[in-house]
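*Asks:* One structure coming up, written as structure tokens, with questions to follow.
The values are calculated or read from the model by the stated rules, or taken from the named source; none is laboratory data. All values derive from a computational prediction rather than experimental measurement. Using ideal geometry, Cβ is built from the backbone for each residue, glycine included, and neighbour counts are taken over all protein chains shown.
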Amino acid sequence: MPSLAARLPAAAWAALAAGVLTMLAATALAPAPAAAQAPADPPRAGEEARAEQRLQALRAQIRTITAEQQAQDERKSQALAALRTADAGVARAGAALRGTEAAIAAGEAELARLETRRRELEAGLAQQRLALAQLVRSAYMLGRHEQLKLLLAQDRIGDVARVLAYHRYFQADRVARIGGLIAELRELAGIVAGIDAQRSELAAARERQQGELATVEAQRGERQAVLARLEEEFRDRAARLAALGRDEQAVVKLLERLRDAIADIPAQVDDTRPFAGRRGQLPTPLRGSVLARYGGKLPDGRDSDGLLIAGTAGAEVRAVAPGRVAFADWLKGYGLLAIVDHGDGWMSLYAFNDALLRNVGDWVRAGEPLATVGSSGGQGRPALYFELRRNGQPQDPAPWIRQ
């Protein structure tokens, strides 16, 4: 069975990863004290309130998806009931069609039997007609003179009368047989005509029922497609819900871990200028050609919220301003990622690295190495993806970097 990561679209993973980054940046877990504040960290009450607000927003999103999933489940139940009705319709139409086919088969069998009987009757009629013809010819050949000879040839009158009576009897019997055969043939012809008419009606009924069956089968196919789509959407929402639930727990743990990791680290930088005053003065994090700019498209199809800079594998990625490392780990959609907190809600992000040279809580100066260029996170070529964020919102880095 494929993993959840394999089932979720890349865009969904990117959105979840961006959500983690947004919450991480917006909460500013242990903000660098404007790079020049006292070694002690500022009060954390406001920071914790913002973190709680972000978590509540995430939970609200979970509740929304849960409600959507419940509504989807209701629609799926309705679609399943419609499919059940369609299945019953197909069963009824199929049974009616099978009954018609059976009636047609029985009619064909009866027609075959009657056809055999008709041939037998016609053969018998032919024989009777042949026998009658022979009698007629014999009577003609006898004629009146032959009958007189026959009478004179007999020793007794009784024998002569008996011969003539036999002759008339056989003729009458042949005529009666022929009449019976003709009557039976006429009756048979009527039966055959009736069966032919019934066969035509059954054929028309079969054609009509085949059309009805095709219609209900098409309806069932449509309902099956609707149900399959609803089930796919249901699974997708379930996957999103599971991912958001895990993300919620991960963010909570990450907030706690980062809070503990950097709570007592003193400031170790001597550049005291606020980050907001560095516009147009930041050094480039990596020298190389720009592959994607802010607002453009990344190679995987996502919108670019920063700069994608081509580089050589292993080249050093440098911090653009002094600050404290707030995140240094692998993140779906970003590969090996380093995040530096510069204070006042400003953060810089460095993604797709092959190696991270700093740990969470480390202080860095502008121009100091943070990582090495790579292609982690499934990228096709070595490059650095660089973002600037203010209170979690992406900013165009180009105006900030010194030309």
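*Asks:* Applying the selection to region 300-359, what residues are free of Cβ contacts under 8 Å to residues at least 60 places away in the same chain and basic (Lys, Arg)?
*Replies:* Of everything in region 300-359, those that are free of Cβ contacts under 8 Å to residues at least 60 places away in the same chain and basic (Lys, Arg) turn out to be Arg318, Arg358.
*Asks:* Picking from Gly280, Gly306, Gly288, which residue would you name as being modelled with pLDDT of 85 or more and within 19 Å of Phe327 (Cα to Cα)?
*Replies:* Details: Gly280 fails: within 19 Å of Phe327 (Cα to Cα); Gly288 fails: within 19 Å of Phe327 (Cα to Cα).
Residue meeting the stated conditions: Gly306.
*Asks:* Here are Leu307, Leu331, Leu356: which of them is under 16 Å from Ser289 (Cα atoms) and crowded, with 18+ Cβ neighbours inside 10 Å? Full working, then the answer.
*Replies:* Values: Leu331 fails: under 16 Å from Ser289 (Cα atoms); Leu356 fails: under 16 Å from Ser289 (Cα atoms).
After applying the criteria, what remains is Leu307.
*Asks:* Yes or no: Glu146 over 60 Å from the mean Cα position of the chain (by Cα), of a type outside the set (Lys, Arg) and modelled with pLDDT of 60 or more?
*Replies:* Working: over 60 Å from the mean Cα position of the chain (by Cα): yes; of a type outside the set (Lys, Arg): yes; modelled with pLDDT of 60 or more: no.
Considered against the rule, which asks whether it is over 60 Å from the mean Cα position of the chain (by Cα), of a type outside the set (Lys, Arg) and modelled with pLDDT of 60 or more, Glu146 comes out as no.
*Asks:* If I go through region 304-326 residue by residue, how many of them are farther than 14 Å from Tyr385 by Cβ and assigned to a strand (DSSP E or B)?
*Replies:* The qualifying residues number 6.
*Asks:* Let me ask something else about it. Within region 283-314, can you find the residues that are under 18 Å from Ser348 (Cβ atoms) and charged (D, E, K, R)?
*Replies:* Arg287, Arg293, Asp305
*Asks:* Also, quick follow-up: Pairs, please: C-beta under 9 Å, at least 6 apart or cross-chain, first residue modelled with pLDDT of 75 or more and in region 157-182, second of a type in the set (Phe, Trp, Tyr) and not in a helix (DSSP H, G or I)?
*Replies:* If the second residue must be of a type in the set (Phe, Trp, Tyr) and not in a helix (DSSP H, G or I), no pairs are left.
*Asks:* Follow-up question, since we're still on this one. Could you tell me how many of the residues in region 191-220 are surrounded by 13 or more Cβ atoms within 10 Å (Cβ to Cβ) and either over 30 Å from Glu108 (Cα atoms) or not assigned by TED's automatic domain parsing to the domain that holds Ala71 (or both)?
*Replies:* 2
*Asks:* Go through Glu110, Glu115, Glu52 for me and flag whichever is part of a helix (DSSP H, G or I), farther than 30 Å from Leu227 by Cα, modelled with pLDDT under 75 and more than 38 Å from the chain's Cα centre (by Cα). Quick ask: steps written out before the conclusion?
*Replies:* Working: Glu110 fails: modelled with pLDDT under 75; Glu115 fails: modelled with pLDDT under 75.
Only one candidate passes the filter, namely Glu52.
*Asks:* Same structure again: Restricting to region 88-108, count the residues that are surrounded by fewer than 16 Cβ atoms within 10 Å (Cβ to Cβ) and over 20 Å from Ala204 (Cβ atoms). Reasoning before the result, please.
*Replies:* Keep residues of region 88-108 that are surrounded by fewer than 16 Cβ atoms within 10 Å (Cβ to Cβ), which gives 88, 91-92, 94-95, 98-99, 101-102, 105-106, 108.
Of the ones still in play, those that are also over 20 Å from Ala204 (Cβ atoms) are 88, 91.
Total satisfying the criteria: 2.
*Asks:* For region 317-333, does any single residue satisfy the condition of being modelled with pLDDT of 95 or more, in the same structural domain as Ile401 (by TED's automatic domain parsing), touching a Pro at 6+ places or on another chain (Cβ under 8 Å) and not β-branched (Val, Ile, Thr)?
*Replies:* Yes, there is a match, as at least one residue in region 317-333 is modelled with pLDDT of 95 or more, in the same structural domain as Ile401 (by TED's automatic domain parsing), touching a Pro at 6+ places or on another chain (Cβ under 8 Å) and not β-branched (Val, Ile, Thr).
*Asks:* Which condition number does Ala261 fail, the rest of (1) at pLDDT below 80; (2) not in a helix (DSSP H, G or I) being met?
*Replies:* All conditions are met except number (2).
*Asks:* Quick check: is even one residue across region 372-393 in contact with a Pro (Cβ under 8 Å, 6 or more places away or on another chain), assigned by TED's automatic domain parsing to the domain that holds Gly314, at pLDDT 95 or above and not in a strand (DSSP E or B)?
*Replies:* The answer is no; no qualifying residue exists.
*Asks:* Quick check on region 240-253: of everything there that is among the hydrophobic types (A, V, I, L, M, F, W, C), in contact with a helix residue (DSSP H, G or I) (Cβ under 7 Å, 6 or more places away or on another chain) and over 16 Å from Gln70 (Cβ atoms), which residue is modelled with the highest pLDDT?
*Replies:* Ala243
*Asks:* Output the number of the condition that Gly314 fails; it satisfies all remaining conditions of (1) farther than 13 Å from Ser375 by Cα; (2) surrounded by fewer than 21 Cβ atoms within 10 Å (Cβ to Cβ).
*Replies:* So Gly314 meets the others, but not (1).
*Asks:* Still on this model: Report, ordered by the first and then the second residue, all pairs with beta carbons closer than 6 Å, sequence separation of six or more or different chains, a first member in region 104-128 that is farther than 15 Å from Val192 by Cβ, and a second member that is of a type outside the set (Lys, Arg) and assigned to a helix (DSSP H, G or I).
*Replies:* Here the result reads Ile104/Leu202; Gly124/Leu181; Leu125/Leu181; Gln128/Ile178, each pair linking region 104-128 to a residue that is of a type outside the set (Lys, Arg) and assigned to a helix (DSSP H, G or I).
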